[in-house]
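Worksheet for the structure shown next.
Just so you know, all these numbers are worked out from the coordinates, no wet-lab data involved. Quick caveat, the model's predicted, so the values are computed rather than measured. Glycine gets a Cβ as well: all are built from the backbone with ideal geometry, and neighbour counts include every protein chain shown.
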Amino acid sequence: MTGGGMMGAAGFDPAALGIAGAGNPDAGARIISPSVKLSESPAVGVHPTFTVIEPAEARAVIGYGDGTIRSIGLVLDGAQPSVLAQIAATPITAAVDIGGAGVLIGTDGGELLRLGGSDADKLAETGGPWIGEIAVHSGRGLRAFAAAKALTVLDAGGAVVFEAADHPSTVAGLSFSPDGARIAAAHYGGVSVWKLTEPGQKPVRLDWHGSHTAVSWSPNGQFIVSAMQDKEMHCWRWKDRTGMRMSGYPSKIRAIAWTADGQYVAASGADTVTSWDCSGKGPSGKPPLEFGYVYDGVVRQVAAHPADHVVAGGYSDGTVLIGAIEQETAMIARPASGHAVTGLAWTADGGTLVATDESGAVAVMRILEPVVS
Amino acid sequence: MEQAKVPVTLITGYLGAGKTTLLNRILTEQHGKKYAVIVNEFGEEGIDNDLVVDADEEIFEMNNGCICCTVRGDLIRIISTLMKRADDFDGMIIETTGLADPAPVVQTFFVDEDVQAKVALDAVVTVVDACHFLDAVDEEHELAEQVAFADIILLNKTDLVDADKLNAVKAKISSLNRMAKVIETVKSQVPIADVLDRGAFDLSRVLEFEPGLLDEEDDHEHDENIISISLKTDNPIEPEKFSNWIRGFITDRGVDVLRTKGILNLSGQDNRYVFQGVHMVMDSAWGAPWGGDARSSRLVFIGRNLDEAELRTAFDNCTVAA
């Protein structure tokens, strides 16, 4: 790991650091490096279950295991997260709703909730099975959710536009194709890809033995990557369905993230942030690029910068690093807290990063200079 | 920073043996304690608990080169989510279906890191119906496996059988599993302390197990059925010889070996060496010092297609004298 700002001092404006004091919008911030300021709320003793940024409200929304939903503004004024809503069940998963406004939440009460402002509306309920996976396609105005072996896609008005009830096992991951014409569902034995405009037809089955626990379609549409129970990933080239193994991880892969252009896919699961180069024919034969070794820590979460070849990594000791993939260098954005990072999310402009850890603490990090030029 | 792990009790047993009765008994007697109950099917008998989660029994094979290594995907999801709740559970109890194979459930606790980080399997409790066991055990192989995997066996409904039949049932159980503690009960009535907080998979407590040794005339040949084999030697064990043998044996035969436990007297070592395994998943540690105790090594295998004479010879070949 490389400490400190990777950009050096060139172009660095000391005034941007701000001076703590009354009326200063950054009054709650600590200077972590010349490139990062951090504001952090204390532990609440409850485990976060999801962490998303809702652009329309300029806030981060965090779900907790006790059913509390909290929000925090994306400024460094030292304000604490406030309780937005309290739901009866445990929120399991969430995604920002269509157009970046509102948050969709799946619960272990089998409900699909939409949190807009501070009101939670029920969009669907299963009558039993947990809603463990959610995906949203803003462009087409689609919301997808999975409960047990069933996948349901709703349009913006709430009407069911697609259903596939019988996957080989519980659906453990969902991802729309970038154009929103298809959806990929991860399960035991591989990934099923459904064409939404042709209900009733069989899915394209991308087979690979084992339990697939997450899936992500590359933003350029060329690759589908799954994470597996077996501490590895699998990557399929969509045009010819060629499969590739990405293995060698010492622990379970909880998070995968594509760079905005789809060139790199980063993953948690190792003691560094690993990023596979998917340019050309794919990652085959190319070892992953790595950054950010933390002593005695394992990467738990990754989140890709919205524009650059930059990834944030959250570690089992609470450390958050921001790294440049190609340079294989990183800077510290949040020091270790002793509690594993549970969620990471970037704002759309790449200027702010939010992290949560198992203690329930929320860290808001302002990136003062571009990580790569 | 290490938090105490939440103990998980696994209750197995054939349909109608008395699993739910036992479960409700635990929940009633432990009133005031907070349990999460995970069941595979809601039976006719209600479960008296605030939190009852329905599982799907999804058995997933792992790609780790071990064909017998399976986990329960549904339990990984359920336990991971339950442990994020603010509730401080005193324990979790899993009740399987009558025909469930206990191996994937047990292995989940040793293979999945999320589960392992937060909870620990305390014991496998198998409820056996004394009336129907002998008729059913040869028909339903799951029944034999449930007994073979058990740490505690509740031999239930003993009031409904005569002494001869009870002895026959006990003999059959003992041939299947020599490690388990057998408790005779009526209506699953058992002191709760006998089924909870057993630490049956805790290596520091392997020492407490006292396997019954085979009688000379009770001599099994190569057997398709599940049997349990207990070996003992007073000669010190040569660590390298033993390690080579047990690794090879478990790699070749792990599919057939359901459970293994051992306490070894390694040559030149002051402490006991203890280990246990479920199929190919093995775990070992140094145990208490021998001190002035008589030194001996004991090993128990429960599985099928086991040849006792072959195992005995192989074990004896691991001693320093051999």
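Legend: mean number of C-beta atoms from other chains within 10 angstrom of residue C-beta atoms, peptide B:75-86, equals 5. Residue exposure proxy: A:235, B:131, ordered by other Cβ atoms within 10 angstrom of their Cβ from fewest to most, comes out as B:131, A:235.
Normalised size of segment A:223-373, defined as Cα radius of gyration per 2.2 N^0.38 Å with N residues, equals 0.99. Across all C-alpha atoms in segment A:31-367, the radius of gyration and Dmax reach 18.7, 56 Å. Using the alpha carbons alone, the radius of gyration of segment B:6-201 stands to its Kirkwood radius in an Rg to Rh ratio of 0.96. Rounded to two decimals, the Cα radius of gyration of the protein assembly as shown over 2.2 N^0.38 Å is 1.05. Taking a ≥ b ≥ c as the square roots of the eigenvalues of the Cα gyration tensor of segment A:56-118, is the shape rounded (a/c under 1.5), prolate (a/b larger than b/c) or oblate? Cα axes put segment A:56-118 in the oblate bin.
Under 16 Å of direct C-alpha separation, and excluding same-chain neighbours fewer than eight residues apart, residue B:33 reaches these lysines: B:5.
Listed by chain and number, the lysines whose C-alpha is less than 25 Å from the C-alpha of residue A:281, apart from same-chain residues fewer than 8 away, are A:195, A:231, A:239.
About its Cα centre, the dipole of the protein assembly as shown is roughly 2140 debye, where the only charges are +1 on Lys and Arg Cβ and -1 on Asp and Glu Cβ. With K and R counted +1 and D and E -1, the other residues having a Cβ less than 12 Å from that of residue A:49 yield a net charge of 0.
Label positions at residue B:28 and residue B:41, each projected 7 Å from the Cα along the C-beta direction, are separated by 2.4 nm.
Listed from fewest to most Cβ neighbours within 10 Å, the set B:260, B:28 follows the order B:28, B:260.
How far is helix B:163-176 tilted, in degrees, relative to the longest principal axis of the Cα atoms in chain B, given as a value from 0 to 90 rounded to the nearest 10? Helix B:163-176 sits roughly 60 degrees off the main axis of chain B.
Note on A:170, A:152: ascending count of other Cβ atoms within 10 Å places them as A:152, A:170, the fewest first. Based on the convex hull around the alpha carbon atoms, segment A:121-269 presents an average projected area of 8.9 nm². A simple charge model with +1 on the Cβ of Lys and Arg, -1 on the Cβ of Asp and Glu and nothing else charged puts the dipole of chain B at about 1040 debye relative to its Cα centre.
Once the C-beta distance of residue A:245 and residue A:220 is scaled by a Förster radius of 22 Å, the resulting FRET efficiency is 0.55 to the nearest 0.05.
Axis angle, to the nearest 10 degrees, between helix B:73-82 and the longest C-alpha principal axis of chain B: 60 degrees.
Label sites at residue B:189 and residue B:312, each approximated as a point 7 angstrom past Cα along Cα to Cβ, lie 4.3 nm apart. Helix B:102-111 and the longest principal axis of the C-alpha atoms of chain B enclose an angle of approximately 80°. With a simple spin-label model that places each label point 7 Å from the Cα along the Cα-to-Cβ direction, the separation between residue A:56 and residue A:83 comes to 2.5 nm.
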